[in-house]
1. Within the range 821-855, how many residues turn out to be in a helix (DSSP H, G or I) and over 21 Å from ILE793 (Cα atoms)?
2. If you check ILE745, ILE724, ILE736, which single one turns out to be touching a Ser or Thr at 6+ places or on another chain (Cβ under 6 Å), under 23 Å from GLU860 (Cβ atoms), assigned to a loop (DSSP other than H, G, I, E, B) and of a type outside the set (D, E, K, R)?
3. Restricting to the range 1-20, name every residue that is open to solvent by less than 40 Å² (accessible area, probe 1.4 Å) and more than 16 Å from VAL207 (Cβ to Cβ).
4. For the range 783-806, name all the residues that are open to solvent by 10 Å² or more (accessible area, probe 1.4 Å) and of a type in the set (D, E, K, R).
5. Suppose we keep only residues that are over 18 Å from ILE849 (Cβ atoms) and touching a residue at least 24 places away in the same chain (Cβ under 8 Å) within the range 752-772. Which one would you say is most open to solvent (accessible area, probe 1.4 Å)?
6. Take LYS56 and tell me if it is within 30 Å of VAL208 (Cβ to Cβ), open to solvent by 100 Å² or more (accessible area, probe 1.4 Å) and at pLDDT below 90.
7. Mind checking which residues of the range 449-468 are open to solvent by 80 Å² or more (accessible area, probe 1.4 Å) and either at pLDDT 90 or above or in contact with a Lys or Arg (Cβ under 7 Å, 6 or more places away or on another chain) (or both)?
8. Given the structure, is LEU710 closer than 30 Å to THR327 by Cβ and in contact (Cβ under 8 Å) with a residue 24 or more places away in the chain?
Amino acid sequence: MWHLLSSEETLRKLRTKAEKGLSHAEAVERLAHEGKNVLPEGKETHWWNFLLRQFKSPLVYILLIGALLSSILGELVDVGVIILAVFANVAVGFWQEYRSSNILEKLRAIIQVRTVVIRDGAAHEIDAEDLAPGDIILLKSGNKVPADARILSCRHLEINEALLTGESSPVHKISESLQDPDIPLGDRRNMAYMGTIIVSGEGTAVVVETGAQSEIGKIALLTQKTEDDPTPLQQRIGRLGKLIALFVAASAVIIVVVGIIRHHPFHEMIITAIAVAVAAIPEGLPAAISIILAVSAQRIAKRKGVVRHLVAAETLGSASVICSDKTGTMTLGEMHVKNLISYGNDPRARVNLALSNEAIVAFENGVFHVSGETTDVAKMQAFLDSGRNHAELLRDLPRLSLLPFDPLIRYIASLHRNKNKYALFLSGAPETILELSADMLEGGKKKKITKEKRKELEATYLDLAKNGYRMLALAEKTYTQQTIGENTDLEEKSTRERLVQKLSFVGFVAIRDPIREDVPQALLTARHAGIRSIMLTGDHKLTAQAIGREIGLNGTASTILEGNELDAMSDEEFAEKIAYIEIFARVNPTHKMRIVDALQARGDVVAMTGDGVNDAPALKSADIGIAVNSGTDVAKEASDLILLSDSYSVIVTAIRHGRIAFDNIRKVTVFLLTGSFTELLLIMVPLLLEMPLPVTAVMILWTNLVEDTLPNVALSFEPGESDIMERPPIKKGVSILDTESKFIIFVVGLLTDFVLIGLYIYLQTKTTLPFDHIQTFIFAGLGLDTFFYIYSIKSLRRPIYSYSILSNVYLNIATVIGVGLMIGAIYIPILNKLLGTVPLKPWYWIIIIFLGILKITGVEIAKWFFFWRKDSKVTEVHL
């Protein structure tokens, strides 16, 4: 706890001296013991690791087994089709993931700097990696801090620590020791941390921690230790793969057992079982899932979100909790003056805003550009918005002395010449400014501040502060040549004590980071979707509470938890508390990790936003890591989704498309497995009955080509249903095939398929029709009923008459092409010869259409049983 020690105690503990630093020999010895000042290296991931990772899907395993079995049967065309499906699936996933770079490499790039160190009493410039604990370093404006260090001396030293804390305002540094052992990282003002940027001033510091022991090093270790758990989709595909494998294996075993009982040759039964197994494998499913995820990623991209890992496109749909940073995501990340209470002194108040200010104003292409500390920028912008010119103001009132804002005295002061007089302008903490003020200006006239008036003024700024505003007070004083004195350097304490007293209070300034306009509605949408929103911020509790209430969170004291309160809780206590916490204030990276872990332990699927290096471990640990576009490269590399527009509403929109992706995966799975189940029955039942096969292998291949390509892909583009964001989140344990889906595949499929098989048995045993006519009829029934019931599968929750069946243009085109290919297979002579089909007479088509309508009826009855009777009424949204 270096911030608790005085400078002398720190130097003594590190066995070093401020004037001379370490000797070269001592530095070498400490480097040998402590190691280089570099971040820990993670395991390198090669391109072949990304490639092999794509083969871990159970569905891919099943396809490869299917290819092997097909090769045993000599069905080389089937082998080619299956291998092509595998290649398409692997290629999409590999390309998406290979573009990611190593997180820890980005971390190391942050601290590749050189630094000036005092050794043997002299200054030397060295690589930051050669620093050792006890080294004395010089801190200069514009440089990066090379290691964690305790500040020994400083002059107007300000450091931007957004890298670690997420807060953009620079921290004014001091050299005095602090008293609170539990003070958050962002409030340790006598410390400088590796990788942060020195905005202004200078100072000296002693290195206390290097490499993995630094704060950024600890984050690197957390990131390195965080393992990627399987996503909900990967878990669902795993369960689906096992179900398909079990079903295929069971079918094959039944055939072999029945064959042995009937004394068929064992070798022949094995070959038959392999044929059935190959027919049952939905080879188009893995590629279809990849296409659905790619479509979802594309839709999210149109809404200003970039999906980095393809499976995350669906995982978003399972999100039950969104943990979002306040700054930049829920707010604009920019300070603005929202209220200027000037008591009739508006012009004077705006002049004060411009002069008690360190911001830099540049005029380019007819526009003023303001840069500097966020509060100063807001003050200056309020002055410029009044139509005044800053350069002209300084010509009229040239600056003589400036005292930068100092947290110890809590104000900024600027002294200016005003013709033959002098004017002092101050802005700072209201309680400080009021204490220094003897009177106030009302309409340009001075009035003494009575006790009653002081209480009234205090109540004014306190009320605004409780509503989340950062409050400043303004004051001024005029001096003559006689009263100004000789020394006008405001940085000297004696000058300040002489001049900064008996001021005239001018007014209050209420500043805040505005709420993004779309956030309250987005939170409401998320709430209706059963998604819990949690705000994370480095702000103090009261500020966080006010912002939370404004955006629509509860904001009561019982729903807010500060980082130090979290530290004091056991895991068991926190597990109970987190169930109703909506706001976490004063949080650090370790807190974020603990929040994610606690939520996941409850079964939640957690989406976590972040922008700084400090967020990388939590982003990687969360089910869905979301980085904002303005964030660091490290945060982006650790994320699954990058927001091109740093708004919370983009997250909610992405979740909506994730839910649509899951819906479409379920629809495609039902569609393909229904077809596979039909083919399985058409082969297995006649084999068990010792009848000729109703369709040939080449016929099955043709129907698979027609059914499993264009219609399958077209179904991937289905629009979302209007109630998609009114349903509860998709739980981790929910299977792709729920009870309703299995009912449609196995019960409805079984009943309708037995009608087709019954027709085959009847035509084969009770009529004298040529066998090639019967085969062609069954082939047509098998292939064409697909283009009937696929329109019923467009929604698994609503009756077919309640939505526009023609809303999916891609599906309509696929249907026209598919029906054309099936009819061509029956009436085009060259295809008759290739497939073994013959032209059918018109009466066959009446029965074929009846079979299609029968299949639709079965699916609609299943939907009625599970949904309509529950009065589930939704309408379609056209995207």
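1. Within the range 821-855, the subset in a helix (DSSP H, G or I) is 821-827, 829-835, 842-855.
Checking which are over 21 Å from ILE793 (Cα atoms) leaves us with 821, 823-827, 829-835, 842-847.
Within the range 821-855, residues that are in a helix (DSSP H, G or I) and over 21 Å from ILE793 (Cα atoms) number 19.
2. Working: ILE745 fails: assigned to a loop (DSSP other than H, G, I, E, B); ILE724 fails: touching a Ser or Thr at 6+ places or on another chain (Cβ under 6 Å).
Within the list ILE745, ILE724, ILE736, the selection yields ILE736.
3. SER6
4. The answer is ASP785, ARG797.
5. Checking each candidate, the answer is PHE754.
6. Details: within 30 Å of VAL208 (Cβ to Cβ): no; open to solvent by 100 Å² or more (accessible area, probe 1.4 Å): yes; at pLDDT below 90: yes.
Criteria not met by LYS56.
7. Residues of the range 449-468 that are open to solvent by 80 Å² or more (accessible area, probe 1.4 Å), as a first pass: 451-452, 455-456, 462-463, 466-467.
Correct list: LYS451, GLU452, LYS455, GLU456.
8. On the way: closer than 30 Å to THR327 by Cβ: no; in contact (Cβ under 8 Å) with a residue 24 or more places away in the chain: yes.
It is false that LEU710 is closer than 30 Å to THR327 by Cβ and in contact (Cβ under 8 Å) with a residue 24 or more places away in the chain.
The values are calculated or read from the model by the stated rules, or taken from the named source; none is laboratory data. As the structure is a computational prediction, the values presented were derived from the model and not from experiment. All Cβ positions, even for glycine, are placed from backbone atoms using ideal geometry, and neighbour counts span all protein chains on display. Just so you know, the surface numbers come from the protein's heavy atoms only, side chains and all, with ligands and any DNA or RNA stripped out. Shrake-Rupley method; radii C 1.70, N 1.55, O 1.52, S 1.80 Å.
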